[in-house]
Amino acid sequence: MKLVNSSFWKPYLLLLPALIILVGLFLGGVALAIMQSLGYFPLLGLEEFTFDYFREIFADPHFLTSLGYSLYISLVSAVISVIVGVFFAFQLMRLADRYRVINILYKLPIIVPHIVVALLIFLLFTQSGFWARLAYRLGWIEEMSQFPALIFDRRGIGIIFAYLWKQIPFVTLIVYTIFKNINQRWEQVALNLGASKIQVFWNIYLPLAMPGIASAFIIIFAFSFGAFEIPLLLGPSYPRTLPVLAYQRYASSDLSQRPYAMAITVVISLISILLILIYKKIMDYYQLKK
Amino acid sequence: MKRKGLILVIVLLAFLTLIACSAEEEVTEELLEEDWARIEELAQGSEVNFYMWGGDQRINQWVDDYAASRLEEEYGIELNRVPMGPDDYLSQLLSEKEVGRQQGSIDLVWINGENFKEAQENDLLFGPFAEKLPNYQQYMDTESPEITTDFGYPTEGYESPWGQAQFTFTYDQARSEEAPYTFAEFVDWIKENPGQFTYPDPSADFVGSVFVRHIIYEVTGGYEQYQQIEDEEELKEKIRPALEFLKELKPYLWREGETYPATVAQLNNMFADGELMATMAYSSILTSGEIAAGNFPDTARTFVLENGTIANTHFVAIPFNAPNKAGAMVTANFLASFEAQLTKYDPERWGDLLVFSYDKLSSAEQEKVDSIDVGEATLSQEVLDEHRLPEMPAELIPVIEREWERVVNR
């Protein structure tokens, strides 16, 4: 009976325009990627489904190093961003209202496009960049090439710098909003009872803001894990991050590389989906606690 | 009554099409039998649609201003440049072939490499016509692989050459007194100046990829063996020593080969900044241009190695269904003329290399070529001619790039 009822269908009908875009563009693309990663690519005469491409990439040391490299970069940049961001948000909350400029200033990096950030980092930190020149002028180094290699380096310092610059303000923004909404009286009571500032932070603010902090962590981790332009512009030729590796395979004039490229993107997507699941679990956990 | 009339019209139309088709084929067959004077006569006052990549303003200008007005003067030909790249015009020709359209809209295309191969494999081109062109016979070295093959694929007269690009290295005279000439000198030069040489990432950059092909030619004994390779495993085996060589060279490279510049633009920047002692280009005039623009030091100069550097030729071809094949042939012949080539060679106008064999020019013509100011950093046409190697077959290139990635880049 429910199915004949028009009010049952109405919300779906209203959602239809959005659903068409979501299904047609996004899920359609995902379905194609999955099919090609499983070796179904009629254009090349490949018509049998197989897991061979996945097996091959997981046996390929290049792919494994890239996977490790991507995880490493995302983890380091997300952890540092969260620590600094939370600390910054806590300080920001204690600022008097007359320091409003700071409140606007720190948000600026959020709106600056990633490609611009990459360029800024590049100009500042290459071995012929601003800091290298300055250090050379000041006589701290005898030759420009003595300046530490921070861009295109295998430790990914340049990439991590770029992510920190973008992500710290983002974490701050989220956590600051949560801190602001925490009932101030708890802090007053605790202080009255002789708690130190650190104790207030550790026992009141941090636990109450934890769901927000955790979700901020997952968001920036997932974003940097799948991001392409910053590692492309600032990363070394070896190891490449997973998205860069996938693109390189995809852009090859040799079409038989396509299934490998798609297998890599499917792996990236699976890891991102896993992160979403973890995020949901965290949210459920805190919901229950309340 | 009405229906009868309709049927009549249809039958008539079908009949006409049939006639048109067979007539078209006859013209095609006949055209290659005609002598050149007759072809020129047929081309008089016709219209030629030239489909070419339109991404460079200077090239477009040369075609629109110079080539079009000269063709108008000489033959009354109206040359229309249509800015459409090979990907697009090939798919257009392919679908026209499929539906059997015998009268297309494209008379002449700028083509080479992989695209030519694709066109030939699908019978999209008219010919062989190149041997018919007087200028082809008069000026080209019709035996040389740069003319008879296109990225290793035989041209067989289905395309007519009209320009060339040749790889050169660039160094700074103020920094290194003399450029290396033999391959051994080149290697010593790199090893004596550790950290000051590198090449763009071959899997990401076209110039880096051609640099690796030079190393393959040098280390494994020449280009000939690569023209006829069928098997991927055989290729991998053959290039292995070259890749091992590059791997051993890594400690002497910029950043000890830990990373490579992602683009040749980055390589050029590092050369301009003095971080590197050399850069490279798939062009012989780029360095003079960069000096003129103030990007490179005035003391920058180009060099080639004793065994030569890789060059590729670009061509024009005529589609199977070109409506004006005679006009297209006359245009192709004009593009290969001494006069057209000379103006194209002038870096002020375009700076594309001559497709002529320098030896086939008269001494007066040689003088004219020599008198063109190609910029101080550019090598003479004679030197470039004597140091020219053909490209590898296009299908080998991705395999080499992957092998570099696997063996060298780790």
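What follows draws every value from the coordinates through simple rules; no lab data is involved. Keep in mind that what you see is a predicted model, and the values were worked out from it rather than measured. Counting neighbours? That spans all protein chains shown, and the Cβs are built from the backbone with ideal geometry, glycine included.
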Checklist line | Simple Cβ-charge dipole of chain B, Lys/Arg +1 and Asp/Glu -1, about Cα centre, in debye nearest 20 | finding: 1260
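What is the fewest-to-most order of B:M280, A:M283 by other Cβ atoms lying within 10 Å of their Cβ?
Ordered by Cβ neighbours within 10 Å, fewest first: A:M283, B:M280.
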Item checked: Nonlocal amide H pairs with B:G163, under 5 Å, H built at 1.01 Å -> B:H314
Next item on the list: Please work out how much length the chain gains when fully extended from A:L206 to A:R98, using 0.36 nm per residue of separation minus the C-alpha to C-alpha distance, in nm with one decimal.
Entry: 36.3 nm
Note to self: Can you list the DSSP H helices in chain B whose Cα atoms extend at least 18 Å along the helix axis and whose mean Kyte-Doolittle hydropathy is 0.0 or higher?
What the structure shows: B:2-31, B:206-220
Checklist line | Calculated from backbone phi, Karplus (6.51, -1.76, 1.60) coupling profile of the range B:280-294 in Hz, x at Gly/Pro | finding: 8, 8, 8, 6, 9, 10, 4, 4, 4, x, 5, 5, 4, 7, x
Next item on the list: Read phi for every residue in the range A:159-175 and hand back ³J(HN,Hα) as whole Hz from Karplus 6.51 cos²θ - 1.76 cosθ + 1.60, θ = phi - 60°, with x for Gly and Pro.
Entry: 5, 5, 3, 4, 5, 4, 4, 7, 8, 4, x, 5, 4, 4, 4, 5, 5
Checklist line | Cα shape, chain B, gyration tensor, a/c 1.5 rule | finding: prolate
Next item on the list: Report ³J(HN,Hα) in whole Hz for each residue of the range A:259-276, in order, from the Karplus equation J = 6.51 cos²θ - 1.76 cosθ + 1.60 where θ = phi - 60°; Gly and Pro get x.
Entry: x, 5, 4, 5, 4, 5, 5, 5, 4, 4, 5, 4, 5, 5, 5, 4, 5, 4
Item checked: Within the range A:115-193, chymotrypsin sites (Phe, Trp or Tyr not before Pro) in DSSP loop having at most 13 other beta-carbon neighbours inside 10 Å -> A:W140
Next item on the list: Enumerate the amide H contacts of B:A300 below 5 Å, restricted to partners 5 or more residues apart or on another chain; note that Pro and chain-start residues carry no placed amide H.
Entry: B:Q173
Check: Which part of the range B:168-192 falls in the paramagnetic zone of B:F245, meaning amide N under 15 Å from the point 7 Å along Cα-to-beta-carbon?
Finding: B:181-191
Check: Order of A:D284, B:D64, B:D205, B:D141 from fewest to most other C-beta atoms within 10 Å?
Finding: A:D284, B:D64, B:D141, B:D205
Next item on the list: Report the one residue of A:L270, B:H314, A:L173 whose Cα lies farthest in the direction of the positive end of the charge dipole of the protein assembly as shown (charges on C-beta: Lys and Arg +1, Asp and Glu -1; origin at the Cα centre).
Entry: A:L173
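If you take the square roots of the eigenvalues of the alpha-carbon gyration tensor of the range A:51-289 and sort them as a ≥ b ≥ c, do you get rounded (a/c under 1.5), prolate (a/b over b/c) or oblate? Numbers along the way, then the final one.
Details: a/c = 2.73, a/b = 1.37, b/c = 1.99.
Oblate, since a/c reaches 1.5 and b/c is not below a/b.
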Margin query: Skipping prolines and chain starts, which residues have an amide H placed within reach, meaning under 5 Å, of the one on B:E78, given they are 5 or more residues away or on another chain?
Written below: B:S46, B:E47, B:V48
Notebook entry, point to check: Taking the Cα centre of the range A:111-174 as origin and charging only Cβ (+1 Lys, Arg; -1 Asp, Glu), how large is the dipole, in debye to the nearest 20?
Noted result: 140
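Just want the ordering: A:Y279, B:Y199, from fewest to most Cβ atoms lying within 10 Å of their own Cβ.
Numbers: A:Y279 18, B:Y199 26.
Starting with the residue having the fewest Cβ neighbours, the order is A:Y279, B:Y199.
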Item checked: DSSP-defined antiparallel bridges as percent of all bridges, the protein assembly as shown, nearest 5 -> 70
Notebook entry, point to check: Which of A:K197/A:K289; B:K117/B:K344; B:K97/B:K325; B:K117/B:K360; A:K166/A:K197; B:K191/B:K247 have a Cα-Cα distance over 22 Å?
Noted result: A:K197/A:K289; B:K117/B:K344; B:K117/B:K360; A:K166/A:K197
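I'd like the FRET efficiency for A:V23 and B:K236, computed as 1/(1 + (r/R0)^6) with the beta carbon distance as r and R0 of 35 Å, rounded to 0.05.
Details: r = 43 Å, r/R0 = 1.24.
My answer for the efficiency is 0.20.
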Next item on the list: Mind putting a number on the dipole of the range A:51-289 about its Cα centre? Charges go on the C-beta only, +1 for Lys and Arg and -1 for Asp and Glu, and I need it in Debye to the nearest 20.
Entry: 780
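Averaged over its residues, how many other protein chain Cβ atoms are within 10 Å of peptide A:236-243's Cβ atoms?
Details: counts 7, 17, 9, 3, 5, 0, 0, 0.
Averaged over the peptide's residues, the number is 5.
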